[in-house]
1. Given (1) farther than 30 Å from residue 129 by Cα; (2) assigned to a helix (DSSP H, G or I), identify the lone condition not met by residue 85.
2. List every residue pair whose Cβ atoms sit under 8 Å apart, with the two residues 6 or more apart in sequence or on different chains, where the first one lies in the range 205-218 and is on the phi > 0 side of the Ramachandran plot and the second, anywhere, is assigned to a loop (DSSP other than H, G, I, E, B).
3. Considering (1) more than 31 Å from the chain's Cα centre (by Cα); (2) buried (at least 16 other Cβ atoms within 10 Å of the Cβ); (3) of a type in the set (Phe, Trp, Tyr), say which one residue 139 fails and leave the rest.
4. Could you list, in sequence order, all residues of the range 157-175 that are part of a helix (DSSP H, G or I) and without any contact (Cβ under 8 Å) to a residue 12 or more places away in the chain?
5. Taking the stated definitions as given, is residue 161 loosely packed, with under 12 Cβ neighbours inside 10 Å and not hydrophobic (A, V, I, L, M, F, W, C)?
6. Kindly provide the set of residues from the range 63-94 that are among the hydrophobic types (A, V, I, L, M, F, W, C) and surrounded by fewer than 12 Cβ atoms within 10 Å (Cβ to Cβ), ordered by number.
7. Run down 103, 60, 48, 92 and say which single residue is free of Cβ contacts under 8 Å to residues at least 60 places away in the same chain and more than 55 Å from the chain's Cα centre (by Cα).
8. Could you please let me know if residue 9 is out of contact with any Phe, Trp or Tyr (no Cβ under 6 Å at 6 or more places or on another chain) and among the polar types (S, T, N, Q)?
Amino acid sequence: MAITAALIQRLHRINRQKADLNSQLLRGPKAVAAARTKLQAAEDQLQAERDALKQSRVDADSKQLQMKERENKIHDLNGKLNAAKENREYQALKDQIAADTQANLVLSDEILEILESIDAQELAIKETEVAVAKVEEEFQAIERRIGEKRVGLESELERVGAELAEAEKELSGDFKREYDRLVPLKGEDAMAELEGNCCGGCYQTLTPQLLDKTKIGQPIICPSCGRILYQAT
């Protein structure tokens, strides 16, 4: 059976369809992976905010305990102050009470600042929780859409594969050997359409003898890159 340019053109078209379908199938998991990464980043941010809030509460509790202990200490020092008999002891106790009182004033301001920060953190967490829920919905929608699309693509790929197998039965001789060698390596790029007097793959100018064959509807093999060339009909 003679190998015609029309057959090679048909094989090229089907291989392009097959490559496009496979490319779409590959893009699906990548889109799902990208959406999953986005969701993970949002969840990580939420967890980081929760951890920061937990630490703020620990800091507030620690400072409040420290303040309470210093208040108890001031109370004890006041008792000792009332019982002091010497001016030197009295003054030392008075100075210590003043220092501890001042320290507690500073600590009180720090506690208030932390409590205000906790309020802001709690509000931010609520906003982040809403954002995470939205990203999760988007992820589920993408996963569902890709899954539904995959079913259609796989069905179409099966149909195209059957059409390709049927067309490949018409190959023979050198063209079949070249086709069987190149297609597993280059896929659709194993063939190319002529562009004027040049190979459509490597753009090498072809000899008049080869071009004459294309004028009568025969495919040729590019002597430069080995692609199977055809004149589009």
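1. Going through (1) farther than 30 Å from residue 129 by Cα; (2) assigned to a helix (DSSP H, G or I) one by one, residue 85 breaks only (2).
2. Sorted first by the residue in the range 205-218, then by its partner, the pairs are 217/4; 217/231; 217/233.
3. Condition not satisfied by residue 139: (1).
4. 158, 159, 162, 165, 166
5. No, not satisfied.
6. First pass over the range 63-94, keeping only residues among the hydrophobic types (A, V, I, L, M, F, W, C): 65, 67, 74, 77, 81, 83-84, 92-93.
Correct list: 65, 83.
7. 92
8. no
The values are calculated or read from the model by the stated rules, or taken from the named source; none is laboratory data. Keep in mind the model is a prediction, meaning the values are calculated, not measured. All Cβ positions, even for glycine, are placed from backbone atoms using ideal geometry, and neighbour counts span all protein chains on display.
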